[in-house]
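FYI, it's all coordinate maths here, none of it is from the lab. Nothing here was measured: the structure is a model prediction, and the numbers come from that model. Using ideal geometry, Cβ is built from the backbone for each residue, glycine included, and neighbour counts are taken over all protein chains shown.
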Amino acid sequence: MCLFLSTIVAEHCTGEINFNLQYAMNGCLSGLVAITAGCSVVESWASIVIGLVAGGLYLVFSKLLVKRKIDDAVDAIPVHMINGMWGAISVGLFSEPNLQKAVYGTDEHVGWFYEWGRGSGDGTLLACQLVGILFVIGWVTCTMAPFFWMLHYFGYLRADSLEEVVGLDIGYTGGFQKHRPSWNAEQEAKMEDYLKEWEHRKMEKALLKKVNDRAHLGSSVHQESLHGNSYHGRRIITSNMIESLDANGNLVIDSSNTSGRSDTRDTIENNYPREIPQAAREAAAAAAGNGHVQE
């Protein structure tokens, strides 16, 4: 269903038929997630309806995430959250009386469509399923919000923007750089600049931590206004970096507000003389031309 709908949407928007394998695979997963809750109490025709709706929901919410610029690389939200909720709701709609009695020993409150067949329109089971969804949402929010807040506070919620460009397999797991066959010479040169910047950033962070540990027992990178609240949240060029670049891409050492930190700058510069990457110069020059070098 998802592949069929995505093909129709692609043909309508672009004029060309496009069979997207990702939509086909995630559409299958969406159907599996949606049928999980009611697999023992729904009939075959109802399972087909549940799967068809699941494929449509996946496609709609997957495109909505892209439109709203919400990062979900594997589409976990539309596959598992949205269709998990739909699966729970589908039990309240399609739970068949005989199957429910065989599994749970009671058919007092069954699927809403079957209740209408009884002439009652009792929505008790559907209401229970909705309450269960709300409880899960509340439980996850209360337990995970503090966890993600701690990750954000200590700077681990988001990867450094530079590491996103270089590749998380290099920055986080120590993997080797893999050049894409489609890269041209200009892209290769820019990636080399990014890698040099990343290596300097890595050494800078390690040395700054050593300096802080000697100067302030128990201090951390995140306590230094030099780096803001999150080292990992720094952009490639910001006003909080130890070095800054002017509109022409020349190295400028900020002499203002350096109380207690000038020694740190000198130590880093003496130990790790820096070659400013050309890509970083261009980024700083572009930002200066727009009048917002500093955040």
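Table for the structure above
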{"read-out": "Length added when fully stretched, R118-H80, from 0.36 nm per residue minus Cα-Cα", "value": "10.4 nm"}
{"read-out": "Label-point gap, in nm, between A145 and E11 - each point 7 angstrom along Cα→Cβ", "value": "4.7 nm"}
{"read-out": "Under 12 Å, Cβ to Cβ, from A10 - net charge with Lys/Arg +1 and Asp/Glu -1", "value": "-1"}
{"read-out": "Residue order, fewest to most beta carbons within 10 Å, for H12, H109, H80", "value": "H12, H80, H109"}
{"read-out": "Residue order, fewest to most surrounding Cβ atoms within 10 angstrom, among M191, M25", "value": "M25, M191"}
{"read-out": "Cross-link reach list, lysines versus K209, counting only Cα pairs under 22 Å and skipping chain neighbours closer than eight places", "value": "K196"}
{"read-out": "For region 136-144, Karplus couplings with θ = phi - 60° (6.51, -1.76, 1.60), whole Hz, Gly/Pro x", "value": "5, 4, x, 5, 5, 5, 5, 8, 9"}
{"read-out": "Sites L21 and V211 - FRET efficiency at Förster radius 41 Å, r taken between beta-carbons, to 0.05", "value": "0.20"}
{"read-out": "Potential lengthening between D71 and Y172 on full extension [0.36 nm per residue; Cα-Cα distance subtracted]", "value": "34.5 nm"}
{"read-out": "Relative exposure of V91, V9, judged by other C-beta atoms within 10 Å (fewest first)", "value": "V9, V91"}
{"read-out": "Overall form of region 2-153 per C-alpha gyration tensor (a/c, 1.5; a/b vs b/c)", "value": "oblate"}
